[in-house]
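Chemist: Below: one structure in structure tokens.
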Amino acid sequence: MKGTLKSRLALMFVLVCLTALLFGGIVEAKTFNFYVVSHGGPGDPFWGVVMKGMKEGAEAITKGTDDTINAIYAGPAKYSVEELVNMLNSAIATKPDGIAVTITDPAALDAPLRKAIAAGIPVIAINVPDPRPEAERIPYLFYIGGDEYLSGKKAAQRILAVRKPERAVVTIHEIGHIGLEYRAKGFIEVMTENGVPAEKLATYLDPTKAIEILKGYFARNPDTDAIFSLGSIDSAYVITFLKEQGLDGKVIHGAFDVSDEVVHSIKEGTTLFTISQQQYLQGYLPMQFLYLLNKYKFLPANDILTGPGFIDASNVQDVEELVMQKYW
């Protein structure tokens with residue numbers, strides 16, 4: 001399956017380039033410098049997949065053309081808006097040929113990104129867009145990623161299709177992350193509309209501290225029988241908590257993002273589903289589109305949604321090998 005995915009992406013890219021050559025003539029070979037600047041560090045398994053997509057997207061261009069792509073990834077080891085802004089400013093200072101960036105805090109990223117765009121640097125939003133009205137939002141070219149609000153709503157609907165919970169809770173591990181907030185918002189709205197009390201619970205990134213927070217919450221709210229975790233990191237400690245407390249099978253667990261732990265948990269029956277936003281494409285596609293823009297002035301007409309998609313007991317075996325290969 002690995003070869004099939006890479007072959008199809010590479011073939012698509014080659015066909016586009018051949019079309020450009022036929023209709024636009026031969027263009028001089030160049031070296032392009034593209035950045036992916038995100039709020040997540042290389043140690044996060046989610047961003048490891050994005051980095052793999054970025055690397056292989058750049059390699060496909062370099063191997064398939066006379067041009068060379070230098071792909072650089074930057075992201076803080078721990079979630080920090082200040083560090084994200086610093087890394088973005090450093091990338092902008094190099095005057096790259098394009099930047100793909102996660103807009104987890106639109107207010108903080110507004111000034112540096114407008115500065116980059118004004119300087120003629122192409123900017124693509126990935127993973128998290130600017131959710132403000134079009135007249136107010138940062139004027140990046142387009143967005144590649146999932147629909148966060150819709151994902152939260154779909155997660156709640158999937159749980160309600162199994163049974164109506166007495167109470168539901170959403171763990172949120174990066175406070176202020178606009179994408180996570182929108183996932184939580186969609187989930188809580190649907191649960192509330194269906195008469196289910198639901199709220200956010202700040203759990204942070206430290207697993208030991210997070211599990212203690214969960215213990216305290218469930219002690220105060222013993223009727224909680226549904227939990228939605230918003231990323232692979234908090235899904236891991238939610239799964240650990242449910243097993244340690246003997247709650248697996250009693251509390252419905254819906255997850256977000258794909259990891260070895262979540263795949264195993266779905267197979268065991270502890271986790272009902274996880275939502276995939278196919279983050280490999282959030283690394284791969286920006287390399288392709290930034291190159292095609294720089295080289296041939298091509299642009300897609302709309303945002304490109306890579307999710308939400310569901311992985312559950314019905315299809316988990318289909319993607320298990322790809323998860324091991326870090327494509328999911």
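Chemist: Could you count how many residues in the range 173-219 are assigned to a loop (DSSP other than H, G, I, E, B), at pLDDT below 95 and surrounded by 18 or more Cβ atoms within 10 Å (Cβ to Cβ)?
Modeler: 4
Chemist: Further question on the same structure: Do we have Leu272 as surrounded by fewer than 24 Cβ atoms within 10 Å (Cβ to Cβ), free of Cβ contacts under 8 Å to residues at least 40 places away in the same chain, of a type in the set (A, V, I, L, M, F, W, C) and more than 21 Å from His177 (Cβ to Cβ) here?
Modeler: When the stated conditions are applied, Leu272 does not pass them.
Chemist: Applying the selection to the range 52-72, what residues are in contact with a strand residue (DSSP E or B) (Cβ under 6 Å, 6 or more places away or on another chain) and either crowded, with 21+ Cβ neighbours inside 10 Å or free of Cβ contacts under 8 Å to residues at least 12 places away in the same chain (or both)?
Modeler: Met54, Ala58, Ile61, Thr62, Ile69, Ala71
Chemist: Considering only the range 226-247, I want to know if a residue exists there that is in a strand (DSSP E or B), touching a Leu at 6+ places or on another chain (Cβ under 6 Å) and surrounded by 20 or more Cβ atoms within 10 Å (Cβ to Cβ).
Modeler: For the range 226-247, residues in a strand (DSSP E or B), touching a Leu at 6+ places or on another chain (Cβ under 6 Å) and surrounded by 20 or more Cβ atoms within 10 Å (Cβ to Cβ): absent.
Chemist: Restricting to the range 92-142, count the residues that are closer than 19 Å to Leu305 by Cα and either of a type in the set (Val, Ile, Thr) or not assigned by TED's automatic domain parsing to the domain that holds His39 (or both).
Modeler: Counting residues in the range 92-142 that are closer than 19 Å to Leu305 by Cα and either of a type in the set (Val, Ile, Thr) or not assigned by TED's automatic domain parsing to the domain that holds His39 (or both) gives 10.
Chemist: Wholly within the range 80-150, which strands (runs of 3 or more DSSP E) include no fewer than the required count, namely at least 2 residues that are closer than 27 Å to Gly231 by Cα and touching a Ser or Thr at 6+ places or on another chain (Cβ under 8 Å)?
Modeler: Output list reads 123-126, 143-146.
Chemist: Is it the case, given these coordinates, that Lys164 is surrounded by fewer than 16 Cβ atoms within 10 Å (Cβ to Cβ) and touching a residue at least 24 places away in the same chain (Cβ under 8 Å)?
Modeler: The answer is yes for Lys164.
Chemist: In contact with a Ser or Thr (Cβ under 6 Å, 6 or more places away or on another chain), under 19 Å from Leu247 (Cβ atoms), crowded, with 18+ Cβ neighbours inside 10 Å and touching a residue at least 12 places away in the same chain (Cβ under 8 Å): does that describe Val169?
Modeler: Considered against the rule, which asks whether it is in contact with a Ser or Thr (Cβ under 6 Å, 6 or more places away or on another chain), under 19 Å from Leu247 (Cβ atoms), crowded, with 18+ Cβ neighbours inside 10 Å and touching a residue at least 12 places away in the same chain (Cβ under 8 Å), Val169 comes out as yes.
Chemist: Go through the range 291-328 and give me each residue that's over 27 Å from Leu150 (Cα atoms) and touching a residue at least 60 places away in the same chain (Cβ under 8 Å).
Modeler: Correct list: Tyr291, Leu292, Leu293, Asn294, Lys295, Tyr296, Phe298, Glu321, Met324, Gln325.
Chemist: Still on this structure, I have one more. Restricting attention to the range 30-78, which residues are over 13 Å from the mean Cα position of the chain (by Cα) and of a type in the set (S, T, N, Q)?
Modeler: Passing the criteria: Thr31, Asn33, Thr62, Thr65, Thr68, Asn70.
The values are calculated or read from the model by the stated rules, or taken from the named source; none is laboratory data. In this text, all values refer to a predicted model and were calculated from it rather than measured experimentally. Glycine also receives a Cβ, built like all others from the backbone with ideal geometry; neighbour counts cover every protein chain displayed.
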